[in-house]
Amino acid sequence: MEVVVRAMSPKRLFWHLARISLLIFCFVRSSTSIEHDSICNEEDGSCPEPIHTVIRLARRDDELARRIAAEHGMEVRGKPFLDSHYFLHDTSKRSRRRKREVISKLKDHPAVEWADEQRPRRRVKRDFIHSDVRRGERDPVQSVAEFTTPREIPILPWRDPLYKEQWYLVGGAVGGFDMNVRQAWLLGYAGRNVSISILDDGIQKDHIDLAINYDPLASTDINDHDDDPTPQDNGDNKHGTRCAGEVAAVAGNDYCGVGVAFHSNIGGVRMLDGPVSDSVEAASLSLNQDHIDIYSASWGPEDDGKTFDGPGPLAREAFYRGIKQGRHGKGNIFVWASGNGGSRQDSCSADGYTTSVYTLSISSATFDNRRPWYLEECPSSIATTYSSANMNQPAIVTVDVPHGCTRSHTGTSASAPLAAGIIALALEANPNLTWRDMQHVVLRTANPTPLLNNAGWSINGVGRHISNKFGYGLMDAGALVKLARTWVTVPEQHMCTYEYKLEKPSPRPLTGNFRMNFSLEVGGCESGTPVLYLEHVQVLATIRFGKRGDLKLTLFSPRGTTSVLLPPRPQDYNANGFHKWPFLSVQMWGEDPRGTWTLMVESVSVNKNIGGTFHDWSLLLYGTADPAQPTDPRHPPGSPASGSPSQTLLGRATERITSQSEPHPDTISFGDLRSAPDCHPECIGCSESRPWPVCRHVSREP
């Protein structure tokens with residue numbers, strides 16, 4: 001066994017990734033295991049029909065793009081995204097064979113760097129609620145006043161009629177708890193000069209409770225390629241408008257309730273009201289990244305307990321550009337709903353959006369400070385806001401279409417916009433907060449106290465409460481803005497990777513019900529770009545198993561923190577497993593990484609004949625050489641610690657390996673892969689619709 005260690009600065013890392021993207025991307029697609037479940041094989045007819053084509057030019061040139069499109073019987077629709085990517089649509093119906101010929105010609109065009117057909121991906125709104133669970137004893141539109149006893153608020157007597165029914169703002173949760181938003185308001189913060197965009201099915205921009213705060217520069221229509229985000233009036237498209245109202249509903253206008261950041265600028269992207277492709281997501285995530293501060297998304301892959309899926313290469317590039325270049329270099333804030341698949345024992349660890357280093361994954365808690373039945377567990381959730389429970393408990397008050405109000409906004413869909421509004425208060429308090437600063441201040445100020453009666457809490461290696469259900473606890477707006485005001489920008493982020501190499505047999509056979517552990521010795525990457533104070537921790541694992549849902553993965557840090565990276569998912573009968581899937585934990589934040597890290601892989605299978613193979617795992621450590629704040633304590637010098645599980649727990653010996661400082665090219669994770677100028681476009685183009693061997697240049701131009 002050996003481990004290879006690599007550490008590099010962010011700038012050097014970017015160009016390093018660019019040089020090797022072709023090799024890694026093609027290798028990933030060549031495996032029988034899958035990186036995510038939306039990849040299809042056109043040869044066996046499993047792929048849905050393409051909905052449009054995307055081309056990339058060397059630089060933005062709208063006239064050239066229109067000319068190329070016309071030459072190939074297409075037209076450009078909408079605006080370019082990611083600088084020089086264009087949506088192309090056929091002007092007439094043609095056969096599948098003819099479409100393939102046209103795509104081939106586009107790829108051969110000297111001005112086209114990359115071209116690809118875009119296929120629809122299954123994306124669902126996270127508002128409510130599978131039909132098989134707890135359908136109501138009560139009408140969900142009923143007033144919540146009978147369930148709460150809101151305290152009188154003499155200092156903030158908003159006259160909006162539903163304000164006192166916003167129990168999560170007025171101390172109306174059981175025990176008198178709320179998210180302490182009133183304290184932030186009393187300190188003078190209401191989201192001024194902060195722009196939030198709701199990525200969803202559109203927003204009703206002329207709603208009486210939104211119109212004053214509407215921001216056209218944070219809005220567009222990707223579905224119909226125009227600038228108007230107004231949702232289609234068919235009764236279904238109210239989700240985005242409801243989310244927008246949670247953030248920015250006007251205060252004191254005698255209508256509905258009050259938004260958390262009622263002086264913020266609110267926009268919306270209409271992108272879920274039609275087929276959703278990788279390019280649709282990328283165009284949404286990359287809209288006006290220097291103008292928009294916060295993107296709020298309450299959707300994701302199917303929450304069915306059997307799907308592994310996440311952003312495609314274009315969306316991943318949009319995330320990366322957002323954190324690197326957005327907000328004039330401070331980085332965009334991406335807020336994501338953690339998922340509603342709890343009734344089907346789903347886990348947000350199987351969602352590549354919530355497991356991205358670049359997003360803040362937000363969970364939900366109920367009126368009585370419990371886990372809602374739809375909650376998904378994962379160690380990537382950073383914090384929690386209030387939301388709905390079953391039908392006889394109150395939900396979230398917000399605006400509704402057309403020109404109405406509702407008391408029944410639900411699910412983690414409602415939690416993410418509340419978090420976005422609270423984050424807007426912090427950005428008003430300190431506009432210089434970077435995307436990493438925001439993650440630091442959110443987790444440091446989250447309040448676990450209201451939620452500690454739930455099972456599953458533990459203490460991490462720096463003394464913070466952590467939970468796979470609730471992250472670091474309930475968001476506290478007052479504490480957040482107070483910390484934001486004095487926060488000093490964190491030191492430069494480094495990344496270090498340790499890769500576990502199996503001795504023979506490789507891959508390692510897996511059969512039936514088993515438990516195995518694989519350990520790495522970490523020295524903190526002390527040469528060049530040390531990581532001594534952790535932020536994000538990723539595990540990239542490749543495992544094939546006859547029933548993927550029987551697998552459980554647990555990571556043990558040197559400081560004794562235990563993160564269940566993947567719980568069993570009984571609905572997941574996939575027989576392929578996963579290839580370098582990036583499991584993410586934020587639960588070791590602030591810890592010293594030096595010492596023994598152990599990955600425990602086990603099966604809960606009752607079928608002794610089921611089997612598979614363990615191939616590899618890598619540990620990616622993100623963090624800093626120095627404490628996040630000048631006043632933070634420094635880790636003491638000394639020998640590395642060992643936080644690996646005991647022999648009794650494992651029932652077998654721990655496999656030990658010694659780290660070596662050898663550079664290795666494979667530093668790409670699912671959340672970080674992006675196309676770059678010298679990454680060959682034709683292989684990236686094969687990622688969605690074609691098997692990798694047909695990528696030209698794959699062997700001649702690595």
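The values are calculated or read from the model by the stated rules, or taken from the named source; none is laboratory data. As the structure is a computational prediction, the values presented were derived from the model and not from experiment. For neighbour counting, all protein chains shown are included, and Cβ atoms are generated from backbone atoms with ideal geometry for every residue, glycine included.
Results for (1) farther than 30 Å from residue 345 by Cβ; (2) in contact with an Asp or Glu (Cβ under 8 Å, 6 or more places away or on another chain); (3) without any contact (Cβ under 8 Å) to a residue 60 or more places away in the chain, shown as yes or no for each residue.
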{"position": "60", "(1), (2), (3)": "yes, yes, yes"}
{"position": "91", "(1), (2), (3)": "yes, yes, yes"}
{"position": "94", "(1), (2), (3)": "yes, no, yes"}
{"position": "103", "(1), (2), (3)": "yes, yes, yes"}
{"position": "106", "(1), (2), (3)": "yes, no, yes"}
{"position": "114", "(1), (2), (3)": "yes, yes, no"}
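In the condition set (1) of a type in the set (Lys, Arg); (2) touching a Leu at 6+ places or on another chain (Cβ under 7 Å); (3) within 22 Å of residue 619 (Cα to Cα), residue 469 is compliant with all but (3).
Cβ separations smaller than 7 Å between residues 6+ apart or across chains give the following pairs from region 236-265 residues that are among the acidic types (Asp, Glu) to residues that are in a helix (DSSP H, G or I): 246/414; 246/417; 246/418; 246/421. The condition of being within 27 Å of residue 255 (Cα to Cα), touching a helix residue (DSSP H, G or I) at 6+ places or on another chain (Cβ under 8 Å) and buried (at least 24 other Cβ atoms within 10 Å of the Cβ) holds for only one of 398, 406, 384, that being 398.
Taking the conditions (1) in contact (Cβ under 8 Å) with a residue 24 or more places away in the chain; (2) farther than 21 Å from residue 550 by Cβ; (3) surrounded by fewer than 16 Cβ atoms within 10 Å (Cβ to Cβ) in turn, residue 507 satisfies each one other than (2).
The single condition among (1) modelled with pLDDT under 95; (2) within 22 Å of residue 377 (Cα to Cα); (3) surrounded by 23 or more Cβ atoms within 10 Å (Cβ to Cβ) that residue 469 does not meet is (1). Of all the residues in region 209-247, those that are more than 16 Å from residue 401 (Cβ to Cβ) and of a type in the set (S, T, N, Q) number 3.
Among the numbered conditions (1) outside the structural domain of residue 635 (by TED's automatic domain parsing); (2) in contact with an Asp or Glu (Cβ under 6 Å, 6 or more places away or on another chain); (3) surrounded by fewer than 24 Cβ atoms within 10 Å (Cβ to Cβ), the only one that residue 478 does not meet is (2).
Residues considered: 296, 279, 284. Of these, the only one that is hydroxyl-bearing (Ser, Thr, Tyr) and either more than 22 Å from residue 246 (Cβ to Cβ) or in a loop (DSSP other than H, G, I, E, B) (or both) is 279. Name the one entry in 456, 461 that is under 22 Å from residue 347 (Cβ atoms), at pLDDT 95 or above and either outside any strand (DSSP E or B) or of a type outside the set (Phe, Trp, Tyr) (or both). Testing whether each residue is under 22 Å from residue 347 (Cβ atoms), at pLDDT 95 or above and either outside any strand (DSSP E or B) or of a type outside the set (Phe, Trp, Tyr) (or both) leaves just 456. Restricting attention to region 279-304, the residues being among the acidic types (Asp, Glu), buried (at least 24 other Cβ atoms within 10 Å of the Cβ) and over 16 Å from residue 198 (Cα atoms) number 1. Among the residues of region 464-491, the one identified as within 18 Å of residue 173 (Cβ to Cβ) and of a type in the set (S, T, N, Q) is 467. Look at residue 613 and say whether it is within 18 Å of residue 559 (Cα to Cα), in the same structural domain as residue 553 (by TED's automatic domain parsing), over 26 Å from the mean Cα position of the chain (by Cα) and touching a residue at least 12 places away in the same chain (Cβ under 8 Å). So residue 613 fails the test.
Table: residues versus (1) in a loop (DSSP other than H, G, I, E, B); (2) closer than 24 Å to residue 285 by Cα; (3) in the same structural domain as residue 370 (by TED's automatic domain parsing); (4) in contact with a Leu (Cβ under 8 Å, 6 or more places away or on another chain).
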position	(1), (2), (3), (4)
172	yes, no, yes, no
182	no, no, yes, yes
191	yes, yes, yes, yes
206	yes, yes, yes, no
209	yes, no, yes, no
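Look at residue 384 and say whether it is within 20 Å of residue 294 (Cβ to Cβ) and either in the same structural domain as residue 537 (by TED's automatic domain parsing) or in contact (Cβ under 8 Å) with a residue 40 or more places away in the chain (or both). Yes; evaluated as a whole, the condition is true for this residue. So which of 519, 458, 467 ends up being among the polar types (S, T, N, Q) and touching an Asp or Glu at 6+ places or on another chain (Cβ under 7 Å)? Of the residues listed, the single one that is among the polar types (S, T, N, Q) and touching an Asp or Glu at 6+ places or on another chain (Cβ under 7 Å) is 519. Going through (1) surrounded by 24 or more Cβ atoms within 10 Å (Cβ to Cβ); (2) part of a loop (DSSP other than H, G, I, E, B) one by one, residue 538 falls short only on (2). Scanning region 594-608 for residues that are part of a strand (DSSP E or B) and among the aliphatic types (A, V, I, L, M) returns 599, 600, 601. Taken together, 343, 349, 356 contain a single residue that is touching a strand residue (DSSP E or B) at 6+ places or on another chain (Cβ under 6 Å), small (Gly, Ala, Ser) and either over 16 Å from residue 296 (Cβ atoms) or buried (at least 24 other Cβ atoms within 10 Å of the Cβ) (or both), which is 349.
Residues of region 378-408 that are in a strand (DSSP E or B), over 26 Å from the mean Cα position of the chain (by Cα) and of a type outside the set (D, E, K, R): 404, 405, 406. Tallying residues that are of a type outside the set (Gly, Ala, Ser) and part of a strand (DSSP E or B) within region 564-593 yields 10. Within region 213-231, the set of residues being outside any strand (DSSP E or B) and under 21 Å from residue 52 (Cα atoms) comprises 222, 223, 224, 225, 227, 228, 229. Taking the criterion of being over 21 Å from residue 215 (Cα atoms) and of a type outside the set (Ser, Thr, Tyr), the residues of region 267-307 that qualify are 274, 275, 276, 278, 299, 300, 301, 302, 303, 304, 305, 306.
Does any residue of region 565-577 turn out to be under 28 Å from residue 439 (Cβ atoms) and surrounded by fewer than 22 Cβ atoms within 10 Å (Cβ to Cβ)? Checked against the condition, which is being under 28 Å from residue 439 (Cβ atoms) and surrounded by fewer than 22 Cβ atoms within 10 Å (Cβ to Cβ), region 565-577 yields at least one hit.
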